[in-house]
Amino acid sequence: MEQMSAPDTVNLRYVIYVRKSTDEEGKQVRSINDQISDCEKLVKSQGLRTIGIPIEERLSAKLPNKRPQFKQLLRDIKDKKIDGIISYHPDRLARNMVEAGKIIHMLDTDVIKDLRFVSHQFSNDANGKMLLGMLFVFAKHYSDDLSAKVTRGVKGNLGEGKSGGTPKHGYIREENGLYQPDGKHFDLMQQAWVMRAEGQSLDTIATYLNDHGYARYVKKLKGHSTQPMKPNVLEYVFKDTFYFGVLNQTSQSVDLLELGLGFKAMINRETYYKAQQFSTTFKRGAAKKQPVYLPLRHLVFCGVCESETPMIAGKSKGRQGKHYLYYRCGTKGCQRAQKSVRGKVLFSELQSIIDSKVGALTYAGYENYLKEVKTYSNTQKSKVRGDLSAYRTVKGGHVASRLELVQSLARLNDKAAIEDANRRIAELGSLIDDLQNKITKATNLLDKSELPVVSPEEFSDLVQKTGKKLLRGDKFQKDKIIRELFLKLWIDDKKVATYLWKEPYLSLIKATDFQSGGGGWS
């Protein structure tokens, strides 16, 4: 086994690096000042030589290449200006495998001479680098697991009509996350929607609101302040489906009017879609914003580069003088053969999808859907929650045991003991993966228990009329229908590559597929 002598620290130049991101505020992560103090104590006790002042960063390490000071630190090490890094814990350096891999590669190639941690003793040999790699993996797992838990929590709250998002104008969000009308402000914002649907400008509406006493209260460290309405704020308000009852959050949506919580919508869908025709876009060189309505804006994504940024919706004038709708990927470096796709191509493909999928729904599938929903809602819900809690508890124990074994490897000298520890680590990894699969399945079952009961009339209307409505509808009606059916659309060079149905349509289609011999709900 590779053994390396301890580095000659007398001539090594170290830099202290500390980090605490805003998403860690309030959690048990030591403050910037505490990290610096602990690192300086380590420097003094071990007689290390530091250059410059401690590097402080207040950014997350979950994603690579997002920390400018850390990137500069690695460049300085490559340029031989610095030899080693002192930090509180390995997870301060990286919570992603790209930057973790860079650090280990720089250790392998002797670019980084040494690392020192307050909470962990690092040795620059095979065992030390293996342990460091495992700690990076655990840091990434912690970050990913926390993100998944937050998403599940938000999704669960969203299913109950609760939101942790930004306040909505004209509403008060209570401590439980539910929204209630904000008296006079609700009435003023309701009138603002009517004005927008009639085509009045954002400046005119903002002036109307401010003249009639509309003001949003903003909390400060000492008391609060009030902010008048601005046109750019209204631009975002008039795009929000919340005001007719559909709350969107973390790529999920819920109809607040169907939850029976007494939510009062500010407008109806018709008013919303009338207001959309006056959505604004900037034209280069124009002194004013030009009114333009662009169907499916922010719903269509590129299926080639798979960017998280929606494709740009726009209108262009053809050779014969007619205007046509198009969707173009604006992501730099995208390898699309055809940079833009015409709207008529997209709508034609969606028409085919709806005809083939929604039109093929059967009453047998509908009955199967109702059976599944009622079963999970009434019979297995409490059992699944109990199983889920047990799986998570056991998994947590296995994760802790594996971490303890990994940390013990650096202290083992006996070859047989090391092999036994590695075997046990692998066994625990397999058990953890198995439990994670059970957790995922149990979570999916709980999601199904929240699905709505679709009435026979609603099902019949869905099957018999949706495709015809899309075919005959104008651009506003097409936009409304597609947004009700789909959560996201991805298009490749010429057609829809993939699509994500909204509920309950996704489960209705799966239930029909199951009756036809498909994969069903599993």
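The values are calculated or read from the model by the stated rules, or taken from the named source; none is laboratory data. These numbers were taken from a predicted model, which means no experiment stands behind them. Cβ sites come from the backbone with ideal geometry, for glycine too, and all protein chains shown count toward neighbours. Surface areas here come from the heavy atoms of the whole protein model, side chains and all, with no ligands, DNA or RNA. Shrake-Rupley method; radii C 1.70, N 1.55, O 1.52, S 1.80 Å.
Based on what the data block shows, is residue 102 over 27 Å from the mean Cα position of the chain (by Cα) and of a type outside the set (A, V, I, L, M)?
Criteria not met by residue 102.
Every residue, every condition in (1) at pLDDT below 85; (2) of a type outside the set (Val, Ile, Thr); (3) within 29 Å of the chain's Cα centre (by Cα); (4) closer than 30 Å to residue 505 by Cα, yes or no:
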residue	(1), (2), (3), (4)
348	no, yes, no, yes
354	no, no, yes, yes
368	yes, yes, no, yes
372	yes, yes, yes, yes
377	yes, yes, yes, yes
386	yes, yes, yes, yes
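Show the residue pairs that are 6+ apart or on different chains and have beta-carbon atoms under 7 Å apart, the first residue being within the range 471-485 and farther than 11 Å from residue 269 by Cβ and open to solvent by 60 Å² or more (accessible area, probe 1.4 Å), the second being assigned to a helix (DSSP H, G or I) and modelled with pLDDT of 85 or more.
471/351
Looking at 390, 442, 410 in this structure, which one is touching a helix residue (DSSP H, G or I) at 6+ places or on another chain (Cβ under 9 Å) and farther than 24 Å from residue 133 by Cβ? Give the steps one after another, and end with the answer.
Details: 390 fails: touching a helix residue (DSSP H, G or I) at 6+ places or on another chain (Cβ under 9 Å); 410 fails: farther than 24 Å from residue 133 by Cβ.
Sole residue among the options that is touching a helix residue (DSSP H, G or I) at 6+ places or on another chain (Cβ under 9 Å) and farther than 24 Å from residue 133 by Cβ: 442.
Name the pairs: first residue in the range 454-465 and open to solvent by 30 Å² or more (accessible area, probe 1.4 Å), second residue of a type outside the set (Lys, Arg), Cβ to Cβ under 6 Å, at least 6 apart or on different chains?
463/361
For the structure I just gave you, tell me whether residue 488 is at pLDDT 85 or above and either of a type in the set (Asp, Glu) or over 18 Å from residue 361 (Cα atoms) (or both).
Details: at pLDDT 85 or above: yes; either of a type in the set (Asp, Glu) or over 18 Å from residue 361 (Cα atoms) (or both): yes.
Answer is yes for this residue.
Kindly state which strands (runs of 3 or more DSSP E) lie completely within the range 287-368 and contain at least 1 residues that are open to solvent by 30 Å² or more (accessible area, probe 1.4 Å) and within 26 Å of residue 240 (Cβ to Cβ).
312-317, 323-328
For the range 160-211, give me each residue that is of a type in the set (Ser, Thr, Tyr) and at pLDDT below 90. Please lay out each step first, then the result.
Taking the range 160-211 first, the residues of a type in the set (Ser, Thr, Tyr) are 163, 166, 171, 179, 201, 204, 207-208.
Correct list: 163, 166, 171, 179.
I'd like the residue in the range 226-271 that is among the hydrophobic types (A, V, I, L, M, F, W, C), in a helix (DSSP H, G or I) and at pLDDT below 85 and, out of all such residues, is farthest from residue 487 (Cα to Cα).
Of everything passing the filter in the range 226-271, 257 is farthest from residue 487 (Cα to Cα).
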